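Please read the structure below before turning to the comments.
The values are calculated or read from the model by the stated rules, or taken from the named source; none is laboratory data. Since this is a predicted model, take the numbers as computed values, not measurements. Cβ coordinates were reconstructed from backbone atoms using ideal geometry, including for glycine residues, and neighbour counts include every protein chain displayed.
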Amino acid sequence: MVDNVAMSPNTTPADRYAVVGHPIAHSKSPTIHRLFAQATGQHIEYNAIESAPDAFADTLIRFVAQGGKGLNVTLPFKVEACELATDPMPSAVLAGAANCLAIRGDRIEAHNFDGKGLVTDIAQHHDTLLRGRRVLVLGAGGATRGALPALADAGPAVLAVANRTADKARDLQIHFAPHFALQAGGFEDLAGESFDLIINATSTGLSDQGLPLPPGLFAPGALAYDMVYGKGLTPFMRQAQEVGVTRLADGLGMLVEQAAEAFALWRGVRPPTADVIRALRG
Ligand code: NAP
């Protein structure tokens, strides 16, 4: 356990929550939930729990036995969290992964709020409604899988995914075909296309690698959104800037908004998010 945040001087025992991952020391979740608890007057305790890669099930069982009420789950445990839950909710089932567990007696409910957090961030903090717009997601990993259902729900005219390994994008197209239409392929299939919102959900934001984006991909006024956060101007944002895109965003708001969904589920009160995003940037 690497962090322990007591959130109120209240003398009754605080309900316990935590984020579990490997590694976890970098996690901003304890700070986010402390700020939410302060803003809403909720009496909670929120820890960061480091779990060995093969020990997530034991960590979960121990947390439940100790009376824990809810967990945020991050890499590499999101798929396992969904599998271990007794009650996976549609958002988790569709993504095949969960990032939030609510513990209700001997039942464990699983949700995936990554997509909801992304769409809320884009709408509320970047003034971009997706209805009728052309939306492209770059990458076909876990983050894309979690984001696509919520993006589709927002009603874009076109929802597309492009990945370095094109077959992985096509697998997503097949997986989601019963629920919504998805254009899928490799980066080379993007030639001649343009989009109003382009979301980088590849892990290149963590490196200094650019992406093979064809000319004209960003429509006039497009928003270039990189899911990574805390990295400043990423290679993807720089590529967008170089072709004249002025609307750039990172994934900090997505992180805070998915946390807000978890907090609202657990505590029945929706925390304010704009001040928390500002505080984290500060
Ligand atoms: P992942 O499952 O490991 O997927 C990585 C993706 O990146 C794959 O599609 C992979 O393509 C692609 N990729 C890696 N290196 C590449 C390169 N050099 N060129 C082109 N494509 C490359 O990762 P993930 O969990 O989806 O996470 C993706 C990003 O989202 C990370 O930066 C993560 O930090 C961020 N994220 C942010 C939030 C948030 O709350 N803001 C939440 C979740 C994730 P291949 O399939 O071809 O290997």
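Observations on the structure shown:
- Identity of the residue in region 211-237, among the small types (G, A, S) and more than 13 Å from the ligand (Cβ to nearest atom), that ends up nearest to the chain's Cα centre (by Cα): A224
- Remark: L197 matches the filter, which requires a residue to be crowded, with 17+ Cβ neighbours inside 10 Å and either assigned to a loop (DSSP other than H, G, I, E, B) or not acidic (D, E) (or both).
- When the strands (runs of 3 or more DSSP E) confined to region 86-142 are screened for residues that are free of Cβ contacts under 8 Å to residues at least 40 places away in the same chain, those reaching at least 1 such residues are found at 100-104, 107-111.
- Among the residues of region 25-50, those identified as under 20 Å from the mean Cα position of the chain (by Cα) and among the hydroxyl-bearing types (S, T, Y) are S27, S29, T31, Y46.
- Restricting N47, N72 to those that are within 14 Å of the ligand (Cβ to nearest atom) and part of a strand (DSSP E or B) reduces the list to N72.
- Where helices (runs of 4 or more DSSP H) fall wholly inside region 210-282, no range has 1 or more residues that are surrounded by 13 or more Cβ atoms within 10 Å (Cβ to Cβ), assigned by TED's automatic domain parsing to the domain that holds A39 and at pLDDT below 95.
Matching residues to (1) buried (at least 21 other Cβ atoms within 10 Å of the Cβ); (2) under 19 Å from A262 (Cα atoms):
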position: G41; (1), (2): no, yes
position: Y46; (1), (2): yes, yes
position: P53; (1), (2): no, no
position: A57; (1), (2): no, no
position: Q66; (1), (2): no, no
position: L75; (1), (2): no, yes
position: V79; (1), (2): no, yes
position: E83; (1), (2): no, yes
position: M89; (1), (2): no, yes
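- Residue count for region 112-138, restricted to those that are touching a Ser or Thr at 6+ places or on another chain (Cβ under 9 Å), surrounded by fewer than 24 Cβ atoms within 10 Å (Cβ to Cβ) and over 27 Å from A102 (Cβ atoms): 1.
- Filtered residue count, region 61-99, keeping only those that are more than 28 Å from D171 (Cβ to Cβ) and either outside the structural domain of V20 (by TED's automatic domain parsing) or not basic (K, R) (or both): 9
- Failed item in (1) within 13 Å of the ligand (Cβ to nearest atom); (2) in the same structural domain as F218 (by TED's automatic domain parsing); (3) at pLDDT below 95, with A140 passing the rest: (3)
- Condition met for G67 (away from the ligand (no atom under 12 Å from the Cβ) and either touching a Phe, Trp or Tyr at 6+ places or on another chain (Cβ under 6 Å) or in contact (Cβ under 8 Å) with a residue 12 or more places away in the chain (or both)): yes
- Some residue of region 191-210 being of a type in the set (G, A, S), more than 16 Å from the chain's Cα centre (by Cα) and closer than 25 Å to N112 by Cα: no
- For the residues D167, D171, D153, the requirement of being over 30 Å from R16 (Cα atoms) and more than 14 Å from the ligand (Cβ to nearest atom) singles out D153.
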